[in-house]
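Chemist: Please find one structure pasted underneath; my questions will follow.
The values are calculated or read from the model by the stated rules, or taken from the named source; none is laboratory data. What you see is a predicted model; the values in this text were computed from it and never measured. We place every Cβ from the backbone using ideal geometry, glycine too, and count neighbours over all the protein chains shown.
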Amino acid sequence: MARSVFRKPSLKKSFSARYKGIYKRKLKKAFIPGYGTRRAGWMHPQRKLYNKVYYRTSIDTRKLLNGERSHRYSTNRNNSVQGAGCASWLILGFLILAFIISYPVIAVAMIVIIGYFIYRYKHKRIYITTEKVKSTSLPKTDIKPQTSIKKIDSDWKNFSHTPQRHYSELQHYISEKPEIIVKDKKIINVRTGYPLAKQSSIETSIMQFQENLTMPEQNYVEMAQYGYFDTAVENYFIATYLPYYFAGIVAYKRGDWDRAEAWWLSVLNLRPLTVSQKLAIMYRKQKRFEDVVRMYNWSLQFANEPLLRLREDEYQQLISNLEKARKNAAKHKQIDCSLGLREYPNRADMAFIQYLKKISDGLEEDS
């Protein structure tokens, strides 16, 4: 069966790419070297060639309806291609002019009909924009969110619809510079005595941290309002933990390992596998092998929380890491320098999570 020239839009995939994919791409860019660069696609040549041909030989229906044109390959077009495009528009204009001269009554009627539909379309878009509803960002559903939100607001009159985010401590630390000395050709942090990484590596981590702070806040209430409670919670957890995670990386590279430990432990419950791997590396360098075991035990406890929705392979990876940590602790028992772990308050606003749960439960009761 021949492939259609027009691409079939998928609301489900568009919604996933808008709300969930943005953080997955951030994580991949942080951990996979070269991810997101222009030539990275050639690591999978068969898929790259297929996509290249597909995007050149198909038309995006959404951009066609919105009147947009793709500029993906505009820089590679030569003058002959541009000339061909101008000639096509000229021929089309002459044909339209000839039709108007030959059939003036029919042409005037068509212009009136087209103008009417354009007016209705523009009026509809203005109305939707005024109501702050984006038709492309949410799937079509039979849910009536406004009624449910009013019912929830009667019980939560004084509650804010946006989560609390306090990053002033992190921003103040990033703006500071540690006191350093050079010892045996190594740059050492004077306060802690731990070595610093290369300045270029530190600056890269600072840029990643600042990018996460400038990331636009998502409307988690709107997601829960349309029945996507799990997606709203997962995206909120990711958006909450990423600034502390990258701030911890900056602190670790600056030699402030105590601050890195504090920030990583405070978000361990939001991303147990990713954060535990960073903590384990630092603890092993400090010869705190028993603390590695305690930290992985905490991670497994957090992984059992139903809101995290940890994948089975990630859970098994945590179990495997715990077994390795136990064997390593038994092997280095004589030189262990563990200090114990300190509990930190949850960085996520659990009252906000309860508010989203109230909305989700209200929608289920309405249905």
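Chemist: Could you run through region 298-330 and say how many residues are more than 28 Å from the chain's Cα centre (by Cα) and in contact (Cβ under 8 Å) with a residue 12 or more places away in the chain?
Modeler: Within region 298-330, residues that are more than 28 Å from the chain's Cα centre (by Cα) and in contact (Cβ under 8 Å) with a residue 12 or more places away in the chain number 5.
Chemist: Same structure, new question: Looking only at region 253-273, filter to residues that are assigned to a helix (DSSP H, G or I) and free of Cβ contacts under 8 Å to residues at least 40 places away in the same chain; which one of those is farthest from R326 (Cα to Cα)?
Modeler: A260
Chemist: Pull out all pairs, ordered by first then second residue, where Cβ-Cβ is under 7 Å, the residues are six or more apart or on different chains, the first lies in region 191-208 and is farther than 13 Å from I249 by Cα, and the second is among the charged types (D, E, K, R) and surrounded by 14 or more Cβ atoms within 10 Å (Cβ to Cβ).
Modeler: What qualifies is T192/D256.
Chemist: Within region 9-24, which residues are exposed (fewer than 13 other Cβ atoms within 10 Å of the Cβ) and assigned to a helix (DSSP H, G or I)?
Modeler: K12, K13, K24 - these are the residues of region 9-24 that are exposed (fewer than 13 other Cβ atoms within 10 Å of the Cβ) and assigned to a helix (DSSP H, G or I).
Chemist: When residues of region 311-367 are filtered for being of a type in the set (S, T, N, Q) and under 19 Å from L300 (Cβ atoms), how many remain?
Modeler: Filtering region 311-367 down to residues of a type in the set (S, T, N, Q) leaves 316-317, 320-321, 328, 334, 338, 346, 354, 360, 367.
Next, only the ones that are under 19 Å from L300 (Cβ atoms) stay: 316-317, 320-321, 328, 338, 346.
Residues flagged as of a type in the set (S, T, N, Q) and under 19 Å from L300 (Cβ atoms) within region 311-367 amount to 7.
Chemist: Moving to a separate point now. What are the residues in region 284-333 that are of a type in the set (D, E) and in contact with a Ser or Thr (Cβ under 6 Å, 6 or more places away or on another chain), if any?
Modeler: Within region 284-333, E290, D291 meet the criteria.
Chemist: Go through region 334-358 and give me each residue that's more than 23 Å from the chain's Cα centre (by Cα), in a helix (DSSP H, G or I) and modelled with pLDDT under 90.
Modeler: Listed by number, the list holds a single entry, K358.
Chemist: Another question, then. Applying the selection to region 194-208, what residues are touching a Lys or Arg at 6+ places or on another chain (Cβ under 7 Å) and in a helix (DSSP H, G or I)?
Modeler: Across region 194-208, the qualifying residues are S201, I202, S205.
Chemist: Picking from E217, E169, E203, which residue would you name as being loosely packed, with under 13 Cβ neighbours inside 10 Å, touching a helix residue (DSSP H, G or I) at 6+ places or on another chain (Cβ under 8 Å) and modelled with pLDDT of 50 or more?
Modeler: Answer to the selection: E217.
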